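J.: Sharing a structure with you now.
The values are calculated or read from the model by the stated rules, or taken from the named source; none is laboratory data. Values in this document were obtained by computation on a predicted structure and should not be read as measured data. Note that we place each Cβ from the backbone using ideal geometry, even for glycine, and neighbour counts take in every protein chain shown. SASA here: full protein model, heavy atoms, side chains in, ligands and nucleic acids out. Shrake-Rupley method; radii C 1.70, N 1.55, O 1.52, S 1.80 Å.
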Amino acid sequence: MSRYRIAGRGRVDHGAPISFTFDGKTYPGLRGDTVASALLANGVHLMGRSFKYHRPRGAVTAGSEEPNALIGTSRGPGRFEPNTRATVQELRKGLVTESQNKWPRLSFDIGAINDRAYMLFSAGFYYKTFMWPKSFWDKVYEPFIRSAAGLGKSPTEADPDRYAARYLHTDLLIVGGGAAGIAAALVAAKSGARVVLVDENPELGGALLSDPGVTVEGQPAWAWLDASLAELRAHGVRLMTRTTAIGYYHQNFVGLCERLTDHLDTPPANAPRERMWRVRADQVVLAQGALEKPLVFDGNDRPGVMLAGAAQTYLNRYGVRVGDNPAVLTSHDSAWYAAFDLADAGSRIAAIIDTRSEIRADLLDAARQRGIRVLQGHTATGTKGRLRIASVRVNPLRGGTVGAGREIACDALLMSGGWTPSLHLFSHTKGSLAWDADSNTFLPDRKTEACQIAGAGRGLWGYAPVLADGVAAGLAAVAALSRSAGARQFAVANDRPGSGVSHTELPTDRSPGKAKAFVDFQNDVTAKDLRLAVREGMRSIEHVKRYTTNGMATDQGKMSNINGLMIAADALAKAPPQVGLTTFRPPYTPTSFGAFAGYLRGQTFQLTRKTPIDPWAEAQGAVFEPVAQWRRAWYFPKPGEDMHAAVARECLATRASVGIFDASTLGKIEVAGPDAVEFMNRMYTNPWTKLAPGRCRYGLLLGEDGFIRDDGVIGRLANDLFHVTTTTGGAARVLNMMEDYLQTEWPDLNVWLTSTTEQWATVALNGPNALAVLKPLVEGLDWDDFPHMSVAECTVAGLPARLFRLSFTGEVGFEVNVPARHGLALWTALMDAGKPHDICPYGTETMHVLRAEKGYIIVGQDTDGTVTPQDAGLDWAIGKAKPDFVGKRSLSRPDIVAGGRKQLVGLLTEDGSRLEEGAQIVLDPNQPLPMKMVGHVTSSYDSASLGHPIAMAVIEGGHDRMGEVVHVPMPDGVKRARITSTVFYDPSGDRLKA
Amino acid sequence: MTTQKHDFSAALQIEELAPSARLSLRVRPQHRAQLARALGLDLPVRIGDRTAADGREALCLGPDEWLILAPEASALTAAAAAIYATAPHSLTEISDREITLRLSGASVLDLLATGCPRDIAALAEGRGCRTVFDSATVTIWRDGPTAFRMDVWRSFLPHVRNLMALAEAELAAGL
Amino acid sequence: MLLIHCPYCEETLPELEFAYAGEAHIARPADPSALSDEEWRDFLFIRTNARGPHFERWRHIHGCAQFFNAVRDTVSDRFLMTYKAGAPRPDLSPKEDAE
């Protein structure tokens, strides 16, 4: 039995011991413990070092708001997690934990020198100290700060765990499974509505788990909880524990992070560690309760100083006394009950020190009955103890003056500065807050979402009013769902009502400038820092926050925001509501990257589209590249070949005999209907009326701004039917653009669009022997009427096909489209037929080289959204006689017809070197800096066919600069390059006519 | 080609169905009835409604768009072509564009909820919808309380199947 | 993630099924060649950038595929209404005599 554990007490399983390690030492614990409760049961309060001063720290809370007790946890290789809150992490078999921010060990830490240099490390320290000299920043200041900073250690290995995601739709989501949430669920469950009740803790019950002495409906609290949860289950309410509502977004969209395995000794195979729920609820009830505030006084961060409510939780939920003789320091009634519970459990309460001079008579009676010394109207002005509190210094307050101090020995100090409603989720919705002067706190005010706020979350205290409020919230939600349910009343006995007062720093008789009175424990922000920030000119609470970092730690100021505001407001001599609260943002508690990523990692990181021929390419050892959402074969290296060699071989083979290429990713759109040709005339720059069925034409698509959007070869299959192809990346965009015009500008046209990209697998054959390979496989085609730029329906290798005769290489070329299920069969048939001609499969890189040798553009590579047809040298593709087409009017805009536009040209380097794509171009390399850049290289390749590299570029006024030399700065020096035509290979086009 | 994997098939079955003819019909409302007669199939007007007759099925996907399933396409295209002059339309064969999965079993709604932001549980039996699963457009047909078909564009299928495999393993783990 | 009511499907559905499509009620001129450079510039580039109710277009791209119009408050990011393409711009001014 651990020293501070009470046999049989609490909700832990005393029959199920579990051991775990902390900083290498093994400790006993119980099933149901958190790391913090188990360490406390063993008398260990020192759990970590603080971030900035490396001060020794212990758990100050018993929940997810914990700022101090951050630990590293691990479960084998790759499963190390830093900054886990010891107050949340449940014990499991074999759990290994370690403290953070300490070196060489937790009890003796070198970095604690920062603590002695406290006077130097005040607010804005970094901003002031490291300003000068500027040259010191990179080499001195930043490395120093980086080595000193950081919260825990980052894991170094990939996370081997799985993470999951799920959408959930419900009528009512209740956040918070305490008294108010359960009461709301109990009434709503009977309305027939779908109800989800979530809580971040392992158990539902909230504060009732820490108040077993309360009686509800004649039953002890825990019995009532069991009965209530059974009733909820019977009504089909979905109860979710270990599930944190991390963010509350528009229209009742709430993100929940469910922790599934961190508490399990041995998780089931393939079980996800966490699951992100994306919940859409018609109604939301926020019943998140309230968070206890610390008191701000010198030494309030010493291990052993913790919130009174936390001590009560450790006692009643975990059966752990946090000390043998704890003192209680409070400005709120609630801490008195913690003292009574601990006294009843065998601790000797050193004193109850209350800042108030007037105390409720029943509390005084109860203290007197237990023989507890009570110090009314007292302040605390310091604590002592190296790694654990040993005493607290208290002083009487009389008429605004602080009397003489005296030490009270204690081994724990339970503090309470009152309670602040948990407003985080409500604030995510941009709901407004109202200052409540009575309780000195903000309460939820105007709502923006269909939600109710119930219980301590809106400032109520005591179980009777909280339960009644939960009922009211549940009924309101049910009514908003247009359902009905009966009201309920929950009789409460032994209730624990309470009220209190609020403070800035506690009054002291010592120099406040020397006090280490912490407001934000995690970021080591003191009251002095906040006042300094105001003195130095910060007026907005947002500036005070950023200057001091108050509330900017991973706990997002759950404990510090209100205290920080009170102190800043006092320093500014303003009322707190005039100063206002900083913004709470999601997530409510730190959330793993894995939970956000969900399934979208590794193989499923991103949608990857594959063609029907992809399996063949993979089997051949193709190297792939991503193109839009597709993965495409980039090149097909033979053993020993690098990319350069493979591409050179593929290019030469295609030009020498025949190459085969998977073009299935090309976008395809079927344009059908009586007005198809009219539609094509309006969309594309080219004229379509006279294109005969059975012929095809290069089509150019502009935006209304006159810039090139897409291109592709378009075949007219019948008077009313076009087979449009688009670029691989443009397919969805082009269809969207066409649908837009059709639906919203020209709804009168009788024409319809169908995406057939995936209906067809497309295989391109190019080269002087392409015809010889293809011809024997084709049936049902009149070859005498099938010149270059033709299309026909026929069969290829016995498969129904749409056959195009076209070329993107300058060689005789064909594109064979067959129903996608036959794509691989077609490919195989063509490979077989091509064997006598040494047919060569080639990938996208060779395709790029071959087209660049011919000066064919790639939209998106040689164009960038600011290139007109004229700029690209594509004037010939414009149907000048057409009255209108998309983008036509823009081609006469002043900016478009003005001289000096960047125009597409060819570039050949004088030294035969290859330019980098994206390289900038200047006319005069000797001009003063900054030089005027006149364009950039858009495409650049080694051309095996030509024996030297080629490039395309956009250059200002390029079409009028043929033959001129420009200069291209490259890593190995400035290259001279001559402007040429973009057609490098077979400029006469003779090879197409072969 | 029916593929069936894993041994917990009672909770979840994912099968790839053999291809059948699939066509996209686009026609203006005033010609809908004519097309319906020609195709021998009522064409419902409410988006998401379905009809079936003689092994043919129609699902209304948009105000002028129907997805037609049939054992074979040519009879339908011929019948439609015959009335094209008086009832202009587009009837495009897309049999190979999508691959259809049959999804069934007690966990099927959980499976769909891993990727579909829409409330699929609210989709009535006998109805259908075009929606999104993760980042892939899919068409979902609800055939029974725990029986669905999902048409997935062919190239998106590996991604969708990979995601479903993760979800299957997760559902089998039981957490 | 917003919820958007599709006026064609007559269902309120997650934003992930939809795609934004720019400001609404900007009709392409019937004869662009008749427009001055300034008028054409305004058609191409000038938008209201409203603070408050904004008339805009969306497409139910993963659904019925229809473009439609919406009024969304750019301050609250709430949809005030959606309506079919081609329908007139709704009058948002407060009614004198509420029924």
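J.: How do the pairs read when you match residues in segment C:77-94 that are surrounded by 14 or more Cβ atoms within 10 Å (Cβ to Cβ) with residues anywhere that are among the hydroxyl-bearing types (Ser, Thr, Tyr), using Cβ under 6 Å and keeping only pairs 6 or more apart or on different chains?
T.: Taking only residues 6 or more apart or on different chains, the pairs are C:Ala85/A:Thr744.
J.: Show me the helices (runs of 4 or more DSSP H) found entirely inside segment A:524-624 where at least 2 residues are open to solvent by 10 Å² or more (accessible area, probe 1.4 Å) and within 14 Å of chain B (Cβ to nearest Cβ). If you could, list the steps in order and put the result at the bottom.
T.: Details: elements: A:527-535, A:541-548, A:561-572, A:576-579, A:593-597, A:614-619.
Of the helices (runs of 4 or more DSSP H) lying wholly inside segment A:524-624, those with at least 2 residues that are open to solvent by 10 Å² or more (accessible area, probe 1.4 Å) and within 14 Å of chain B (Cβ to nearest Cβ) span A:593-597, A:614-619.
J.: Mind checking which residues of segment B:125-139 are more than 14 Å from chain A (Cβ to nearest Cβ) and within 14 Å of B:Cys60 (Cα to Cα)?
T.: B:Gly126, B:Arg127, B:Gly128, B:Cys129
J.: Separate question: Considering only segment B:120-161, how many residues are open to solvent by 40 Å² or more (accessible area, probe 1.4 Å), in contact (Cβ under 8 Å) with a residue 12 or more places away in the chain and within 16 Å of B:Leu109 (Cβ to Cβ)?
T.: 6
Rundown of residues vs (1) crowded, with 17+ Cβ neighbours inside 10 Å; (2) within 14 Å of chain B (Cβ to nearest Cβ); (3) of a type outside the set (Phe, Trp, Tyr), yes/no style:
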residue	(1), (2), (3)
A:Val713	yes, no, yes
A:Asp720	yes, yes, yes
A:Thr727	yes, no, yes
A:Leu749	no, yes, yes
A:Leu753	yes, yes, yes
A:Asp785	no, no, yes
A:Glu793	no, yes, yes
A:Leu806	yes, no, yes
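J.: All but one of (1) within 14 Å of chain B (Cβ to nearest Cβ); (2) in a helix (DSSP H, G or I); (3) closer than 23 Å to A:Ser755 by Cβ; (4) not small (Gly, Ala, Ser) hold for A:Arg682; state the number of the condition that does not hold.
T.: Status for A:Arg682: all satisfied but (1).
J.: When you look at A:His837, is it open to solvent by 10 Å² or more (accessible area, probe 1.4 Å), within 14 Å of chain B (Cβ to nearest Cβ) and not acidic (Asp, Glu), yes or no?
T.: No, not satisfied.
J.: Of the numbered conditions (1) open to solvent by less than 10 Å² (accessible area, probe 1.4 Å); (2) in a strand (DSSP E or B), A:Leu186 fails exactly one; give the number of that condition.
T.: Single failed check for A:Leu186: (2).
J.: With respect to A:Asp871, determine if the residue is among the acidic types (Asp, Glu) and open to solvent by less than 10 Å² (accessible area, probe 1.4 Å).
T.: Yes; evaluated as a whole, the condition is true for this residue.
J.: I would also like to ask the following. Within segment C:34-57, which residues are under 21 Å from A:Trp746 (Cα atoms) and open to solvent by less than 20 Å² (accessible area, probe 1.4 Å)?
T.: C:Trp40, C:Glu56
J.: Only strands (runs of 3 or more DSSP E) wholly contained in segment B:108-175 count here; list those with 3 or more residues that are under 25 Å from A:Asp614 (Cα atoms).
T.: Result: B:136-144, B:147-153.
J.: Right, here's the next one. For segment A:874-899, which residues satisfy the criterion of being open to solvent by 50 Å² or more (accessible area, probe 1.4 Å), within 25 Å of A:Gly963 (Cβ to Cβ) and in contact (Cβ under 8 Å) with a residue 12 or more places away in the chain?
T.: Selection gives A:Gly899 alone.
J.: If the requirement is being over 29 Å from the mean Cα position of the chain (by Cα) and modelled with pLDDT of 90 or more, which of these qualifies: A:Asn550, A:Asn494? Lay out the reasoning, then the answer.
T.: Numbers: A:Asn550 fails: over 29 Å from the mean Cα position of the chain (by Cα).
Exactly one of A:Asn550, A:Asn494 is over 29 Å from the mean Cα position of the chain (by Cα) and modelled with pLDDT of 90 or more, namely A:Asn494.
J.: So C:Ala65 ticks every box in (1) in contact (Cβ under 8 Å) with a residue 12 or more places away in the chain; (2) open to solvent by less than 30 Å² (accessible area, probe 1.4 Å); (3) of a type in the set (A, V, I, L, M) but one. Which box is left unticked?
T.: So the condition that C:Ala65 fails would be (1).
J.: Say we look at segment C:22-64 and pick out the residues that are within 7 Å of chain A (Cβ to nearest Cβ) and part of a helix (DSSP H, G or I); which of these is nearest to C:Met81 (Cα to Cα)?
T.: C:Leu44
Results for (1) more than 8 Å from chain A (Cβ to nearest Cβ); (2) among the β-branched types (Val, Ile, Thr); (3) over 22 Å from A:Leu717 (Cα atoms), shown as yes or no for each residue.
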residue: B:Pro71; (1), (2), (3): yes, no, yes
residue: B:Ala80; (1), (2), (3): yes, no, no
residue: B:Thr92; (1), (2), (3): no, yes, no
residue: B:Asp96; (1), (2), (3): no, no, no
residue: B:Leu103; (1), (2), (3): yes, no, yes
residue: B:Leu111; (1), (2), (3): yes, no, yes
residue: B:Pro117; (1), (2), (3): no, no, yes
residue: B:Ile120; (1), (2), (3): yes, yes, yes
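J.: Could you tell me which numbered condition C:Ala19 fails, if it satisfies all but one of (1) open to solvent by less than 60 Å² (accessible area, probe 1.4 Å); (2) touching a helix residue (DSSP H, G or I) at 6+ places or on another chain (Cβ under 7 Å)?
T.: Unmet for C:Ala19, out of (1) open to solvent by less than 60 Å² (accessible area, probe 1.4 Å); (2) touching a helix residue (DSSP H, G or I) at 6+ places or on another chain (Cβ under 7 Å): (2).
J.: Before we move on, is A:Glu845 within 42 Å of the chain's Cα centre (by Cα), of a type in the set (Asp, Glu) and open to solvent by 10 Å² or more (accessible area, probe 1.4 Å)?
T.: Details: within 42 Å of the chain's Cα centre (by Cα): yes; of a type in the set (Asp, Glu): yes; open to solvent by 10 Å² or more (accessible area, probe 1.4 Å): yes.
Considered against the rule, which asks whether it is within 42 Å of the chain's Cα centre (by Cα), of a type in the set (Asp, Glu) and open to solvent by 10 Å² or more (accessible area, probe 1.4 Å), A:Glu845 comes out as yes.
J.: Suppose we filter segment A:253-274 for residues that are more than 23 Å from A:Leu197 (Cα to Cα) and more than 7 Å from chain B (Cβ to nearest Cβ); how many remain?
T.: 3
J.: Moving on to the next point. Can you confirm whether A:Ile669 is within 25 Å of A:Val867 (Cα to Cα), within 14 Å of chain B (Cβ to nearest Cβ) and assigned to a strand (DSSP E or B)?
T.: yes
J.: Could you identify the single residue in A:Ala366, A:Ala350, A:Ala308, A:Ala269 that is open to solvent by 10 Å² or more (accessible area, probe 1.4 Å), small (Gly, Ala, Ser) and not assigned by TED's automatic domain parsing to the domain that holds A:Leu475? Spell out how you get there, then give the answer.
T.: On the way: A:Ala350 fails: open to solvent by 10 Å² or more (accessible area, probe 1.4 Å); A:Ala308 fails: open to solvent by 10 Å² or more (accessible area, probe 1.4 Å); A:Ala269 fails: not assigned by TED's automatic domain parsing to the domain that holds A:Leu475.
Exactly one of A:Ala366, A:Ala350, A:Ala308, A:Ala269 is open to solvent by 10 Å² or more (accessible area, probe 1.4 Å), small (Gly, Ala, Ser) and not assigned by TED's automatic domain parsing to the domain that holds A:Leu475, namely A:Ala366.
J.: Can I ask one more? Where in segment A:922-994 are there strands (runs of 3 or more DSSP E), lying fully within it, with 1 or more residues that are at pLDDT 95 or above and under 17 Å from A:Ile858 (Cβ atoms)? Talk me through it step by step, then tell me what you get.
T.: On the way: elements: A:935-943, A:948-956, A:965-970, A:973-980.
In segment A:922-994, the matching strands (runs of 3 or more DSSP E) lie at A:935-943, A:948-956.
J.: Find the residue count for segment A:42-68, including only residues that are under 22 Å from A:Gly289 (Cα atoms) and not β-branched (Val, Ile, Thr).
T.: Looking only at that region, the number is 8.
J.: Output the number of residues of segment B:33-69 satisfying the condition of being away from chain C (no Cβ under 14 Å) and closer than 13 Å to B:Trp141 by Cα.
T.: 7
J.: Confirm whether A:Ala464 is within 38 Å of the chain's Cα centre (by Cα) and among the small types (Gly, Ala, Ser).
T.: no
J.: Here's another thing I want to ask about it. Can you name every residue in segment A:822-879 that is within 30 Å of A:Gly900 (Cβ to Cβ) and assigned to a helix (DSSP H, G or I)?
T.: A:His848, A:Arg851, A:Ala852, A:Glu853, A:Asp875, A:Trp876, A:Ala877
J.: Hey, another quick one. For segment A:922-937, check the following and say yes or no: at least one residue is touching a residue at least 60 places away in the same chain (Cβ under 8 Å) and crowded, with 18+ Cβ neighbours inside 10 Å.
T.: No: segment A:922-937 contains no residue that is touching a residue at least 60 places away in the same chain (Cβ under 8 Å) and crowded, with 18+ Cβ neighbours inside 10 Å.
J.: Then there's this: Whether any residue in segment A:377-387 is surrounded by fewer than 24 Cβ atoms within 10 Å (Cβ to Cβ), in contact (Cβ under 8 Å) with a residue 12 or more places away in the chain and touching a helix residue (DSSP H, G or I) at 6+ places or on another chain (Cβ under 9 Å) is what I want to check.
T.: Taking segment A:377-387 and keeping what is surrounded by fewer than 24 Cβ atoms within 10 Å (Cβ to Cβ), we get A:377, A:381-382, A:384-387.
After this cut, where a residue has to be in contact (Cβ under 8 Å) with a residue 12 or more places away in the chain as well, the list is A:377, A:381-382, A:384-387.
When the remaining residues are screened for being touching a helix residue (DSSP H, G or I) at 6+ places or on another chain (Cβ under 9 Å), the result is none.
No, the conditions are met nowhere in segment A:377-387.
J.: Take segment A:209-252 and flag every residue that is within 14 Å of chain C (Cβ to nearest Cβ) and open to solvent by less than 10 Å² (accessible area, probe 1.4 Å). Break it down into steps so the answer makes sense when it comes.
T.: From segment A:209-252, those within 14 Å of chain C (Cβ to nearest Cβ) are A:247-252; that's our starting set.
Once the filter is applied, which keeps residues that are within 14 Å of chain C (Cβ to nearest Cβ) and open to solvent by less than 10 Å² (accessible area, probe 1.4 Å), segment A:209-252 yields A:Gly247, A:Tyr248, A:Asn252.
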